[in-house]
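Chemist: Got a structure for you, questions after.
Read the figures in this text as sums done on the coordinates, not as results from a lab. Keep in mind it's a predicted model, so treat the numbers as computed, not measured. No Cβ is skipped: glycine too gets one built from the backbone with ideal geometry, and neighbour counts run over all protein chains shown.
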């Protein structure tokens, strides 16, 4: 098996998932809509005082991003599991963890990237200063791939279950806590004009760690779920 | 020889017999340590100069919190052994640990909250260690509900092992992230490298209770594991014979 054919399998899988997503546009739009909707509920719930909104804004946007990611996670493997494609991945001669990275990358492009694009708008709605919005963008750019990577492990473990959704949130949300803390804290810190390089380094470290470990765990979990 | 020993130990039947003989001894030692720990902790140890008598809940709270983390690591270790060497008994140990660990975590949270009321003035604060203990409880509940959701118990045990391993990588990260986020809890007083800042008259009951909790864990773990082994092996001959002779 040459690395050439592995690369080909990777790009083919990525292209296939993106094509599927573009043909079902609701899959892209629904999490995005959810993200905007949840964020805009907060001013209605806690009052529209600009100072208050500015204080809770980073946390609110990040929690909404977490929930939107959670909502879309099942899409990574569910349909492939139902039509048997997933078994073919496991039977193929390519390392499953690399195929998993392709699936996760596709998931991020479909659901993570749109969040990134729309988040400055939400930042403005919640009255965040310009610097904070910039940092919000950076934390989302570094953080949303982590959401997809960690989430993939959870989905792989629950894909064979009929009522996997509730368990999935119980499995995945506690693992999102460090990211939420570092990211929301970074935006808060930026909003008062302090340097945030430490936060960004930690989020990058989380990204590197989850990129290197979670595909392996996901592959192992898939093998168990399909055994 | 060495291999043989492990294979013998890991056979469910051998485990069932040997654990049956061990359990009374462990239970007796556990009771003795509990009585000694409670006596020294509740009667002998002097009241704290600041916290009065209410600090005595520490003799339950601190060992429970230690156990909550210790058991998670044991569970992940046993799960890894089960995954790598396909030892059934390790899978049984891992899954039998989960609900004991969850109970200890819950106990630590409840006693912490009862202790917090007179000390900090509220039942709950979003303090670093309380929060990471709460997240640990969620991790345990995730493990338990995943195990219950999968019908085939061998598959379930392996899925749980992966989840526990992912959790064990994350626990230090969660712990430190929460620590930097907010802290109000008193610092560690027993494990400081130079000299523990806890007086010896309080340290002795604390350690007695810690050992009592460890033995209690071993005791309950063996009981649960025996049940689990019987249930899993119910179609084998030795379990049928056992059922007939009794």
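Chemist: Can you give the relative contact order of chain A as a percent, counting alpha carbon pairs under 8 Å and 6+ residues apart? List each step's numbers first, then the result.
Modeler: Details: 240 pairs, mean separation 58.8, N = 227.
In percent, rounded to a whole number, it is 26.
Chemist: So what is the calculated 222 nm ellipticity per residue for chain B, using -39500 (n - 2.57) for each DSSP H run with n of 4 or more, over all residues, to the nearest 500 deg cm²/dmol? Present the calculation step by step, with values, prior to reporting the outcome.
Modeler: On the way: 8 runs with 191 residues, N = 246.
That calculation yields -27500 deg cm²/dmol at 222 nm.
Chemist: Quick one: in region A:88-176, what % of C-alpha pairs are over 18 Å apart?
Modeler: Numbers: 2232 of 3916 pairs.
So the pairs more than 18 Å apart make up 57 percent of the total in region A:88-176.
Chemist: Also, I was wondering about something else. Given the rule -39500 (n - 2.57) for each run of at least 4 DSSP H residues, summed and divided by the residues of chain A, what is its mean residue ellipticity at 222 nm, to the nearest 500 deg cm²/dmol?
Modeler: Values: 10 runs with 190 residues, N = 227.
For chain A, the value works out to -28500 deg cm²/dmol.
Chemist: Can I ask one more? Quick check: pseudo-label points 7 Å beyond the Cα along Cα→Cβ at residue A:22 and residue B:48, how many nm apart are they?
Modeler: The two pseudo-label positions are separated by 6.4 nm.
Chemist: In addition: Which whole-number percentage describes the relative contact order of region B:1-126, with Cα contacts under 8 Å and a sequence gap of 6 or more?
Modeler: On the way: 84 pairs, mean separation 30.4, N = 126.
Across region B:1-126, relative contact order equals 24 percent.
Chemist: Okay, moving on. For chain B, modelled as a Gaussian network with Cα springs under 10 Å, which listed residue fluctuates most, B:157, B:29, B:65?
Modeler: Judging by the Gaussian network model, the answer is B:29.
Chemist: If R₀ is 35 angstrom, what is the calculated FRET efficiency for the pair residue B:22 and residue B:148, using the beta carbon separation as r and rounding to 0.05?
Modeler: Numbers: r = 28 Å, r/R0 = 0.81.
E(calc), rounded to 0.05, equals 0.80.
Chemist: Turning to a different aspect of this structure: Sort B:30, B:227 so that the residue with the fewest other Cβ atoms within 10 Å of its own Cβ comes first and the one with the most comes last.
Modeler: Details: B:30 20, B:227 12.
Starting with the residue having the fewest Cβ neighbours, the order is B:227, B:30.
Chemist: Return the equivalent ellipsoid semi-axes of region A:5-52 as a descending list in whole Å, where each equals the square root of 5 times an eigenvalue of the C-alpha gyration tensor. Please list the in-between numbers first.
Modeler: Values: eigenvalues 314, 31, 5 Å².
That gives 40, 12, 5 Å for the three semi-axes.
Chemist: Between region B:198-218 and region A:66-109, how many Å separate their Cα centres?
Modeler: 48
Chemist: Ignore the peptide's own chain and count Cβ atoms of other chains within 10 Å of each Cβ in B:150-163; give me the average, rounded. Provide the component values of the computation, followed by the final result.
Modeler: Working: counts 7, 2, 2, 0, 2, 5, 1, 1, 6, 10, 2, 2, 11, 8.
Partner Cβ neighbours, averaged per residue: 4.
Chemist: Taking 2.2 N^0.38 Å as the expected size of a compact globular protein, what ratio does the Cα radius of gyration of region B:29-245 give against it, to two decimals?
Modeler: On the way: Rg = 19.5 Å, N = 217, 2.2 N^0.38 = 17.0 Å.
So the Cα radius of gyration is 1.15 times the expected 2.2 N^0.38 Å.
Chemist: Moving on. May I ask for the angle, rounded to the nearest 10°, between helix A:96-107 and the longest principal axis of chain A, with both axes built from Cα atoms and the value confined to 0 to 90°?
Modeler: 40
Chemist: Next up: Looking at region A:36-79 from every direction and averaging, what is the projected area of its Cα convex hull in nm²? Don't skip to the end; give the middle numbers.
Modeler: Working: hull surface 13.0 nm².
Quarter of the Cα hull surface area: 3.3 nm².
Chemist: Taking 8 Å as the Cα distance limit and 6 or more residues as the minimum spacing, I'd like the relative contact order of region B:29-245 as a percentage. Walk me through the numbers before you get to the answer.
Modeler: Working: 243 pairs, mean separation 70.6, N = 217.
The value is 33 percent.
Chemist: Order by neighbour count: B:123, A:62, B:180, fewest other Cβ atoms within 10 Å first, most last. Before the final figure, lay out each step's value.
Modeler: Numbers: B:123 11, A:62 25, B:180 16.
Ranking B:123, A:62, B:180 by Cβ neighbours within 10 Å, fewest first, gives B:123, B:180, A:62.
Chemist: Arrange B:235, A:24 by Cβ neighbour counts within 10 Å, fewest through most, would you? Please report the intermediate quantities before stating the final value.
Modeler: Details: B:235 7, A:24 13.
Ascending Cβ contact count within 10 Å gives the list B:235, A:24.
Chemist: What do you get for Rg/Rh of region A:55-98 when both radii come from the Cα atoms and Rh is the Kirkwood radius? Before the final figure, lay out the partial values.
Modeler: Numbers: Rg = 16.5 Å, Rh = 12.9 Å.
Across region A:55-98, the Cα-based Rg/Rh ratio is 1.28.
Chemist: Running a GNM on chain A with Cα contacts under 10 Å, which residue among A:43, A:174, A:145 ends up with the highest mean-square fluctuation?
Modeler: Largest GNM mean-square fluctuation: A:174.
Chemist: Running a GNM on chain A with Cα contacts under 10 Å, which residue among A:76, A:181, A:150 ends up with the highest mean-square fluctuation?
Modeler: Sorting by GNM fluctuation, first place goes to A:181.
Chemist: Give me the base-10 log of I(q)/I(0) for region A:3-225 at each q in 0.08, 0.13, 0.14, 0.18 Å⁻¹, Debye formula, one uniform scatterer per Cα, rounded to two decimals.
Modeler: After summing over all Cα pairs, the log10 values are -0.30, -0.75, -0.85, -1.28.
Chemist: OK, next. Would you mind pulling out the separation of the Cα centroids of region B:227-246 and region B:96-138, in Å?
Modeler: Centre-to-centre (Cα) distance: 39 Å.
Chemist: Helix A:3-23 versus the longest principal axis of chain A: what is the Cα-based angle in degrees, 0 to 90, to the nearest 10?
Modeler: 60
Chemist: Then there's this: How far is helix A:25-46 tilted, in degrees, relative to the longest principal axis of the Cα atoms in chain A, given as a value from 0 to 90 rounded to the nearest 10?
Modeler: The angle comes out near 30 degrees.
Chemist: Apply the Debye scattering formula to the protein assembly as shown, with a single equal point scatterer on each alpha-carbon and no solvent, then give log10 I(q)/I(0) at q = 0.09 Å⁻¹.
Modeler: Scattering profile of the protein assembly as shown, log10 relative to I(0): -0.73.
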